[in-house]
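Worksheet: one structure, shown below.
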Amino acid sequence: MKNKLTLYIFIALVLGIISGWICNIYATSPFVIGFVDYVPLMSDIFLNLVKMIIAPLVFSTLVVGVAKLGDINAVGRIGGKTLLWFLSATFVSLFLGMILVNLFQPGKMMHLVLPPDNASTGLEHTALSVKEFVKHVFPKSVFDAMAKNEILQIIVFALFFGIGAAAVGEKANGVIKAVDSISHIMLKVTGYVMNFAPFAVYGALTAVIAKQGAGVLVNYGIFIFEFYGSLLLLWGIILLAGFAVIRQKIVSLVKHIIDPVILAYTTSSSEAALPQTISQLEKFGCSNKIVSFVLPLGYSFNLDGSMMYMTFASLFIAQSYGIDLSIQQQITMLLVLMLTSKGIAGVPRASLVVIAGTLSMFNIPEAGLLLLMGIDPILDMGRSATNVIGNSVATAVVSKWEGELN
């Protein structure tokens, strides 16, 4: 189904370009004016559906993830070392994405017009400062946070809930199983929602090209080129960090994971490559118990390619609307993404859901992410391959630290 969805999105991309180009030529026609006025409705519906799933998806997946991690004291040094590597890799990926998108400025050529409601409030009046960010993190009511889709507050409650459930032990098994069931249901719902993506892509591209012309398409090619260049740089940093720990064995590791990396790239799914990755890491010499612990955890907490994409795409959208974020605001966004990314990593197209939940905090139009929906399958291929590389290196490093690398 995923491959069919990718095909449908590409078809919608082409149809949207053609429709937008025709509408741009016949812009004065009453029929075209009406069509262009209503076609964005498909995108609006899709955005509402995405917002609908954010709160329950973040809560359920994060609670289950933390509970499966177990009592931190019981997990001991392996868990601590693993989380230290994951958090460091997440920060580096996000920070590198922030630096490169500011260097390349891919959104500056888009020149999109802010929606009236966004323009009337103004970013400078609603953007969170670091002080406001810290205060805003802690919820007064989890139900209020869920009703308003306050994703940070949901995460804080989910962390407390998950840690508490792990500390209680067997008494919480029923609750964790129920929450786990909810998370699986929400994953299925997420899949249903993503089936509407082709319609959203068609509506978004038709509206943009109808108003701005086909010249805007050049920027997509530039964005893809710059993002893949950034991923290659991230690969170098990840492998260099691995070399610092496992030395010359990094070459052997790369040889062992080539097949799962290619599988992840061609299927746009790092999850599809998980069984093969486990097998290759054990052949490489990693201990089975380390692989069984680190790798599955990494698929929830250490998706390096997706992390880079979040800052890269979020700031691209801000640039496209001419919204200039200060360094303080960008660092605040980085901190927000560092937390929100831990809630639903591993969910199909999780990056888009996380970005949608983050943009509104900085008064950036969520509609901007639809600009990337048409090319997201191409970007997802690179992200998936990067995720496999990042988790493989993390597993090898933890194995080395534990003396479990043969």
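Observations
- Likely footprinting exposure, 286, 23, fewest C-beta neighbours within 10 Å first: 23, 286
- Taking every alpha-carbon pair under 8 Å whose residues sit at least 6 apart, region 2-401 reaches a relative contact order of 34 percent.
- Among 29, 60, 19, residue whose mean-square fluctuation peaks in a GNM of the chain (springs only between Cα atoms under 10 Å): 29
- R0 of 45 Å, Cβ-Cβ distance residue 178-residue 31: FRET efficiency to nearest 0.05: 0.30
- Potential lengthening between residue 168 and residue 258 on full extension [0.36 nm per residue; Cα-Cα distance subtracted]: 28.2 nm
- Between residue 288 and residue 324, the distance separating the two model label sites (each 7 Å from Cα on the Cα→Cβ line) works out to 6.0 nm.
- Every pair of different Cα atoms in region 2-401 enters the Kirkwood calculation, which places the hydrodynamic radius at 21.9 Å.
- Projecting label points 7 angstrom from Cα along Cα→Cβ for residue 102 and residue 224 puts them 2.9 nm apart.
- Fewest-first sequence of 28, 358, 386 by Cβ atoms within 10 Å of each Cβ: 28, 358, 386
- For the chain, the mean residue ellipticity at 222 nm estimated from helices alone is -26500 deg cm²/dmol, where every DSSP H run of n ≥ 4 contributes -39500 (n - 2.57) and the total is divided by all residues, rounded to the nearest 500.
- Arranged from fewest to most other beta-carbon atoms within 10 Å of their beta carbon, 51, 188 become 188, 51.
- Checking every one of the trypsin sites (Lys or Arg not before Pro) in region 216-287 against DSSP loop status and a limit of 12 other Cβ atoms within 10 Å picks out 247.
- If only the Cβ of Lys and Arg carry +1 and only the Cβ of Asp and Glu carry -1, the dipole of region 2-401 around its Cα centre is close to 1080 debye.
Every number here is computed from the coordinates shown, using simple stated rules; none is lab data. All values reported here derive from a predicted model rather than from experimental measurement. Note that we place each Cβ from the backbone using ideal geometry, even for glycine, and neighbour counts take in every protein chain shown.
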